[in-house]
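One structure is given below, represented as structure tokens, and several questions about it will come after.
Quick note: the coordinates plus some simple rules give every number you see, no bench work behind them. Note that the structure is a prediction, hence the values are computed from the model and not measured. Every residue, glycine among them, receives a Cβ derived from its backbone with ideal geometry; neighbour counts consider all protein chains shown.
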Amino acid sequence: MNAADADTAVELQGRLTTIATEERDDPSRRALTGADLGLFVGVSVAIALVGILVLAL
Amino acid sequence: MSSERGGRARLDRTPLDGASLGSLPLLKKERIWNAGDFTGVNVALAIATWAFLVGGFTALLVGFQQGIAAMVIGNAIGLCFMVLASVVSSQRNGIEQYTLLRPVFGVVGVGVLVFTVILITEMGWSSLLAIMVGRAVTQVSNSSFGTDLGPESLLVTFFALVAIAVSWFILSRGPVTIGRLNRLIAPGLLVVTVVLMVFLVLNTSLDTLFTAAPLAPFDDEQLNFMLAVEFNAGVGVSWYPVMGSLARLTRTPRAALWPAYGGLLVATLLAQIVGMAAALTLGDSDPTVWMMPFGGPVLGAFLLLFIAFANITSTSSIVYSTVLAIRQASGRLLSRVRWAWLCAAFFVLPAVLAFFPGFMYDKFMVFVTLSGAFLSAMCGAIIADYFVMRRQRVSLPDLYRPGAASAYHFTGGVNVAGISAVIVGAAFYLAIYNPITLETHPLFSYTTASLPAAVVGALVYFALATLIYRRRGIGDFVEAATPARAGQS
């Protein structure tokens, strides 16, 4: 391992530690809820249906 | 990318080089984009020259009304699973998408996909953009200097090669230079789109547009429509290679999800509809052909030259993520190769393809749909892995552990389930719709090919990953139904 690799490894470890400790419960790292996902897919389907409506007009 | 300007500029001031930091997880303080910022980034990306081209090619198959419907349906479908597969996990973990692919395909499997599907997709797009530059310059020359240069003349190739050389130069200067240029280009393209819309309103009527016949349709009207839908779905999915590296810079899940989908969808539709309308009005799908008569000799030439330059920065933008991915996917093999040399190596094939400008334009739809076949299947496998089998939980330390020390080592570095899902999903796509022979299965008329390919990719992944790994406790899959915290191993 050369100096650049060592720097990267140290930097990586520091970041992983920060994420696992300080940012663990931060809103920026929140998982999407079922409602979020349902809404997203629902909106996508609705937009596709709008496309079908354009065709039917 | 246009977009990475703020974040990258900041990151480049750290002691690590951009490529090293590119693979590391970003911290909260480095995630600088809110929903508004990210919407702007996506609008700037989507209002690019390829959107005019896609609009023009859609006009080959269908008329105005059907074209709008095909664009809306195709992009809604393609963008939906592209966003779920790339944006969500990259935002949550602050990591670009190729590192996050390791749980789905294994570190060696990611390398295989990057060096095949991703590389070919991005090489195809960059050669096409370069050829478009060549055609734009020769069109301006024909109009301004009375030359008679054809669309496949040697000068088209020459200027395409010049475009590639300039793209390489910009790319070799790094992401900060790309960001600076795109800060000028992105609003410029927005202005160009608005100007073209004004010309459209002045030069044609709604009645003319709605009655204009498609430029080169097949006999079967329903097939034409579904081909147009599939083509647009392929365009939507083709954002995959660049979106994760952008989404990692956003602050919250909602700031990533909706701006990615909405920004790309609305801006793409706007530019594509302008491209389609102009193509239908002037009878040619190629923006470099219709731009001059549309805008007049002076303004048309200016617009065309601006678009030519925009193509160069677009090329630099899309190639940046890909070259970064190549370096990361190669492990130690290319880690010591200088960035500029690696970028130069990327451009070898696009430079060769520049000698066949007619071929690239003729096969544009084939290329987009074929790459869509593989990207759709990939997205299906990724969605099944991340949302169903991991419940949005990835072990960040294991993403970076080498070899068998990583939970994502699988079988010699390959997640057999992931690679099989891509192969089977893409094969299913080609069984429903073969873009080369244009043979279709009756199912294609109702479902498109991208959507079932993604579903098949997801099902195959779920079945094989469960059978081969999960039941044996390999791969760190989640058993419980509760979503876990980010970074938890």
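Express in nm, to one decimal, how much length is gained between B:F356 and B:I474 on full extension, taking 0.36 nm for each residue of separation and deducting their alpha carbon distance. Before the final figure, lay out the partial values.
Values: separation 118, 0.36 × 118 = 42.48 nm, distance 4.75 nm.
Roughly 37.7 nm would be gained on extension.
Separation between the B:Q65 and A:T17 pseudo-spin-labels, each 7 Å from Cα along Cα→Cβ, expressed in nm?
6.6
Positive end of the charge dipole of chain B (Lys, Arg +1 and Asp, Glu -1 on Cβ, about the Cα centre): tell me which of B:A405, B:F57, B:F428 has its Cα farthest that way.
B:A405
Okay, next question. Short version: ³J(HN,Hα) in whole Hz for each residue of the stretch B:405-410, in order, from phi by Karplus 6.51 cos²θ - 1.76 cosθ + 1.60 (θ = phi - 60°), x for Gly and Pro, what are they?
My calculation for the stretch B:405-410 gives 5, 8, 5, 9, 6, 6 Hz in order.
Taking a quarter of the surface of the Cα convex hull of chain A, what do you get in nm²? Numbers along the way, then the final one.
Working: hull surface 29.5 nm².
For chain A, the mean projected area of the Cα convex hull comes to 7.4 nm².
Which whole-angstrom value gives the distance between the alpha carbon centres of the stretch B:67-121 and the stretch B:238-269?
Taking the Cα centre of each part, the stretch B:67-121 and the stretch B:238-269 sit 11 Å apart.
Next question, about the same structure. List the residues whose amide H sits under 5 Å from the amide H of B:T411, counting only those 5 or more places along or on another chain, with H placed 1.01 Å from N in the peptide plane.
B:V416
So what are the ³J(HN,Hα) numbers for the stretch B:129-145, from phi and the Karplus equation (6.51, -1.76, 1.60; θ = phi - 60°), rounded to whole Hz, Gly and Pro as x?
Values, residue by residue: 5, 5, 5, 4, 4, x, 5, 5, 5, 5, 5, 5, 4, 4, 6, 8, 10 Hz.
At q = 0.21, 0.27 Å⁻¹, what base-10 log of I(q)/I(0) does the Debye formula yield for the stretch B:228-280 when every alpha carbon is treated as an equal point scatterer in vacuo?
Result of the Debye calculation: -0.85, -1.11.
Also, I was wondering about something else. Considering amide H positions built from the backbone, and no H for Pro or chain starts, which residues 5 or more places from B:Y433, or on another chain, come under 5 Å of its amide H?
Close amide H contacts, sequence-distant or interchain: B:H441.
Averaged over B:82-89, how many beta carbons belonging to a partner chain fall within 10 Å of each residue's beta carbon?
Details: counts 0, 2, 5, 0, 0, 0, 5, 2.
Across the residues of B:82-89, the mean count of other-chain Cβ atoms within 10 Å is 2.
Amide H of B:I95: which non-local residues (sequence gap of 5 or more, or other chain) have their own amide H closer than 5 Å, using H built in the peptide plane?
B:L26
Neighbouring Cβ atoms within 10 Å as the yardstick, rank B:L249, B:L334, B:L303 fewest first.
On the way: B:L249 28, B:L334 16, B:L303 24.
Listed from fewest to most nearby Cβ atoms, that is B:L334, B:L303, B:L249.
When the helices in chain B are scored as -39500 (n - 2.57) per DSSP H run of 4 or longer and the sum is shared across all residues, what 222 nm value do you end up with, to the nearest 500 deg cm²/dmol? Kindly include the intermediate steps, with their values, before the conclusion.
Numbers: 25 runs with 343 residues, N = 489.
It lands at -22500 deg cm²/dmol.
May I ask for the distance between the Cα centers of the stretch B:311-358 and the stretch B:182-205, given as a whole number of Å?
30
Something else: Excluding B:I432 itself, calculate the net charge of residues whose Cβ lies under 14 Å from the Cβ of B:I432, where each Lys or Arg counts +1 and each Asp or Glu counts -1. Kindly include the intermediate steps, with their values, before the conclusion.
On the way: positive: none; negative: B:E230, B:E439.
Charge balance in the 14 Å sphere: -2.
Note down the magnitude of the dipole of the stretch B:185-267 about its Cα centre, charges +1 on Lys and Arg C-beta and -1 on Asp and Glu C-beta and zero elsewhere, to the nearest 20 debye.
Details: 3 positive and 5 negative charges, 160 e Å.
The dipole magnitude comes to about 780 debye.
Moving on to the next point. Quick one: if the Förster radius is 25 Å, what FRET efficiency do B:N203 and B:I120 give, using the C-beta to C-beta distance and rounding to 0.05? Present the calculation step by step, with values, prior to reporting the outcome.
Details: r = 38 Å, r/R0 = 1.54.
Once rounded, the FRET efficiency stands at 0.05.
A follow-up question, please. Please turn the phi angles of the stretch B:297-313 into ³J(HN,Hα) values with the Karplus equation 6.51 cos²θ - 1.76 cosθ + 1.60 (θ = phi - 60°), one per residue in order, whole Hz, x for glycine and proline.
Taking θ as phi minus 60°, the curve returns x, 8, 5, x, 5, 4, 4, 5, 5, 5, 5, 4, 5, 4, 4, 5, 6 Hz for the stretch B:297-313.
Over the Cα atoms of the stretch B:131-277, what is the Rg over Rh ratio if Rh follows Kirkwood? Kindly include the intermediate steps, with their values, before the conclusion.
Numbers: Rg = 19.2 Å, Rh = 19.1 Å.
Result for the stretch B:131-277 is an Rg/Rh of 1.01.
Let me check I have the definition right: for the protein assembly as shown, take the eigenvalues of the Cα gyration tensor, multiply each by 5, take square roots. What are those semi-axes in whole Å, largest first? Before the final figure, lay out each step's value.
Details: eigenvalues 280, 142, 87 Å².
Calculated on Cα positions only, the semi-axes equal 37, 27, 21 Å.
Then there is this: Between B:K28 and B:V112, what is the label-to-label distance in nm when each label sits 7 Å out along the Cα-to-Cβ direction?
Label at B:K28, label at B:V112, 4.0 nm between them.
What do you get when you divide the Cα radius of gyration of the stretch B:269-403 by 2.2 N^0.38 Å, with N the number of residues? Show your work: numbers first, answer last.
On the way: Rg = 20.5 Å, N = 135, 2.2 N^0.38 = 14.2 Å.
With N residues counted in the stretch B:269-403, Rg over 2.2 N^0.38 Å equals 1.45.
Here is a follow-up. Find how many whole Å separate the alpha carbon centroid of the stretch B:391-413 from the alpha carbon centroid of the stretch B:137-173.
Cα centroid of the stretch B:137-173 versus Cα centroid of the stretch B:391-413: 46 Å apart.
Now a separate question. Extending each Cα 7 Å along its Cβ direction at B:T437 and A:R24, get the distance between those two points in nm, one decimal.
Rounded to a tenth, the inter-label distance reads 5.8 nm.
Say the dipole of chain B comes from +1 at the beta carbon of Lys and Arg and -1 at that of Asp and Glu; which of B:V114, B:T252, B:G134 then lies farthest toward its positive end?
It is B:T252, whose Cα lies furthest towards the positive end.
Another one. For all pairs of alpha-carbon atoms in the stretch B:77-194, what percent lies in each bin of width 10 Å, listed from the first bin to the last filled one?
The percentages, shortest bin first, are 11, 24, 35, 20, 8, 2.
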